[in-house]
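For reference, the structure is listed below as structure tokens.
The values are calculated or read from the model by the stated rules, or taken from the named source; none is laboratory data. These numbers come from a predicted model, not from an experiment. Backbone-built Cβ (ideal geometry, glycine too); neighbour counts: all protein chains shown.
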Amino acid sequence: MCMAERIKKRRTAMGYTQQELANKLGLQKSAIAKYENGRVENIKRSVIKEMSRILECSPSYLLGWDVNIESSGAFVAKMLMDAEFTNYAKILFELPKEKRTKVYGYIDALKIDGE
């Protein structure tokens, strides 16, 4: 399946019209129509990245490089978790040692409660 087909397939699977997808991407409906009928193959990387986020799949799937669609949950959660983890790690390591130790204690308590 080529990129044009994959874009259309994901758009329809997500229940978006061409106009709705265009609006979300800040593009004209005609751009989406051109992407889906294969008249444009040089889509900007930033557009592919945002489109994959909106269509809940990996950029490599849209480009035809990967046969697996990372499911919406897996792909989006992975992106969010990486950003969230980085943010929390930064906060944690900026804490004084005694406060970091308390946080580790809270985490250990949560693990015990969750078992």
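For segment 24-67, a residue qualifies if it is hydroxyl-bearing (Ser, Thr, Tyr) and in contact with a helix residue (DSSP H, G or I) (Cβ under 9 Å, 6 or more places away or on another chain), and the qualifying residues are 30, 35, 52, 58, 60, 61. Report yes if some residue within segment 63-78 is at pLDDT 80 or above and surrounded by 14 or more Cβ atoms within 10 Å (Cβ to Cβ); otherwise report no. Checked against the condition, which is being at pLDDT 80 or above and surrounded by 14 or more Cβ atoms within 10 Å (Cβ to Cβ), segment 63-78 yields at least one hit. For residue 48, all conditions in the list (1) at pLDDT below 85; (2) assigned to a helix (DSSP H, G or I); (3) surrounded by 16 or more Cβ atoms within 10 Å (Cβ to Cβ) hold save one; what is the number of the exception? So the condition that residue 48 fails would be (1). Is there a residue in segment 29-36 that is modelled with pLDDT of 80 or more and not in a helix (DSSP H, G or I)? No, segment 29-36 contains no residue that is modelled with pLDDT of 80 or more and not in a helix (DSSP H, G or I).
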